[in-house]
1. Which one is nearest to the chain's Cα centre (by Cα), of the residues in segment 230-255 that are open to solvent by 10 Å² or more (accessible area, probe 1.4 Å) and closer than 9 Å to V293 by Cβ?
2. Under 8 Å between Cβ atoms, at least 6 apart or on separate chains: pull out the pairs that start in segment 239-252 with a residue that is of a type in the set (D, E, K, R) and end on any residue that is open to solvent by 10 Å² or more (accessible area, probe 1.4 Å) and part of a loop (DSSP other than H, G, I, E, B).
3. So, in segment 325-340, how many residues would count as being farther than 19 Å from S300 by Cα and either of a type in the set (A, V, I, L, M, F, W, C) or open to solvent by 40 Å² or more (accessible area, probe 1.4 Å) (or both)?
4. Restricting attention to segment 341-359, report how many residues are open to solvent by less than 60 Å² (accessible area, probe 1.4 Å), farther than 20 Å from I313 by Cβ and β-branched (V, I, T).
5. Which condition number does L322 fail, the rest of (1) farther than 20 Å from D2 by Cβ; (2) open to solvent by 20 Å² or more (accessible area, probe 1.4 Å) being met?
6. Could you tell me whether any residue of segment 39-47 is more than 24 Å from N284 (Cα to Cα) and more than 16 Å from the chain's Cα centre (by Cα)?
7. Please enumerate the residues belonging to segment 157-188 that are charged (D, E, K, R), more than 15 Å from the ligand (Cβ to nearest atom) and closer than 19 Å to F221 by Cβ.
8. For segment 407-421, which positions are of a type outside the set (A, V, I, L, M) and either crowded, with 16+ Cβ neighbours inside 10 Å or part of a loop (DSSP other than H, G, I, E, B) (or both)?
Amino acid sequence: MDLLIKQSDALTGEVTVPGDKSISHRAVIFGSLAEGVSEFSNFLMGEDCLATLKALSDMGVKCSINGSKITIHGVGLRGLKPPTKSLNLGNSGTSARLLLGLLGAQKFNSNIKGDKSLSNRPMNRVMDPLRKMGMEFFSRNGKLPINILGNESLNEINYELTVPSAQVKSAIIIASIFANKNSKITENHVTRDHTERMMLAMNYPIFSDRDSISIEPGGKFDAINFQIPGDFSSSVFLIVACLISKNSSITIKNVGINPTRIGFLEIAKRMGADIKILNKKNLNKEPTADIQVISSVLRSIDLNDRNLTSSAIDEFPAIFILAAFAKGKSSFDGLNELRVKESDRIKSMAINLEKLGIEVSEHENGIAITGGVMKGGEIECFDDHRVAMSFAAAGNSSKAKILIKDADSIITSFPEFVQKMRQINSLIEIK
Ligand code: S3P
């Protein structure tokens, strides 16, 4: 599937975005470990979350889907069954990393594999701490496919996170549920805390403060009825499209605004963005709100702040588009994690921005982008959903049409992207 976007007159309207991807993954995992039947509404039916759902069904968990609601019949902490084949996790890093923490603690052996992009992503960051707890993994170069030897008797861990990653933290938390004694994790930078929040919402004994988390092993997950908020990261593509378009004003309803996720708001505001957060509420320990956005005149930014970076980690492709439309030269540093996402996002964005006539200079941990006039042209996505959607946002304001080649990856996180863009009057077509 290719996408063609041309400049629109004005983006307007009210829209919702599909459920949060991170929370949807955790819903499947903790719903499966619960005692009783849980229901999660507004579940993200994207390929990544469906990969986690398929993996748990392959281990005997009964799940049913009705519209965007999933019902999960929990099997308790020790109720998973050995899968009969390798678990295929597609493009999903979150599935791979979180499930390593779960699979290593089972009474059976298993194997996980993924697509080309996932098979190139680093897994030692998760396997190293999990091995300290007694888990056993076999892989080539620390990458998928990985064979997992189950071990039901795990040691506790006292671990300081060396990589600022919620996936690593969550894998260790999940493993700690199966350890012999209490475990403790310390982190020096903010990472998303959906794991901790959902465990608390299901009454699991986990305790966290600003920079440390302790987990009691062998607790119980109560079944839950949970409404998943809209995915803030998905809403960002609509926000960026609106900010850079003339005479535009949109409202995105019921979006998750967990403080560990909204670094983008601070960055965009520093660049001059007019964004308002309205109607705040709490849904099962996750804050949500409506986001109102108005076209803005943007200025450049110098950014090198690890906490802000970490709480905006998925938003940088979209932030680079803001920089391309801003006045002046922006510089971004401390972004080494972007090199190991679904694609090397510094490189993917630099190559495409240059094609569209934007001056960029890439360095090891970051990029400088000089705002200017964006021409039209053809974009390569490198199988990365967020690269594809960032340039689709840009196409609303570029001088000529942008054609995004092979944009199928958007179904991993935002299957209704084209429909939602059209709902706010974007001139986007599937080719
Ligand atoms: C995620 C954590 C982040 C993020 C990813 C989802 C999660 O990855 O980029 O899209 O759900 O825990 P890292 O943990 O690698 O930063």
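The values are calculated or read from the model by the stated rules, or taken from the named source; none is laboratory data. Everything quoted here is computed from the prediction, not taken from an experiment. Quick reminder, even Gly has a Cβ in these numbers, built from the backbone with ideal geometry, and neighbours come from all protein chains shown. Surface areas here come from the heavy atoms of the whole protein model, side chains and all, with no ligands, DNA or RNA. Shrake-Rupley method; radii C 1.70, N 1.55, O 1.52, S 1.80 Å.
1. So the residue we want is T251.
2. Filtered contacts from segment 239-252: K246/D9; K246/A10; K246/S295; K246/S397.
3. Residues flagged as farther than 19 Å from S300 by Cα and either of a type in the set (A, V, I, L, M, F, W, C) or open to solvent by 40 Å² or more (accessible area, probe 1.4 Å) (or both) within segment 325-340 amount to 4.
4. 1
5. (2)
6. no
7. none
8. S409, T412, S413, F414, P415, E416, F417, K420
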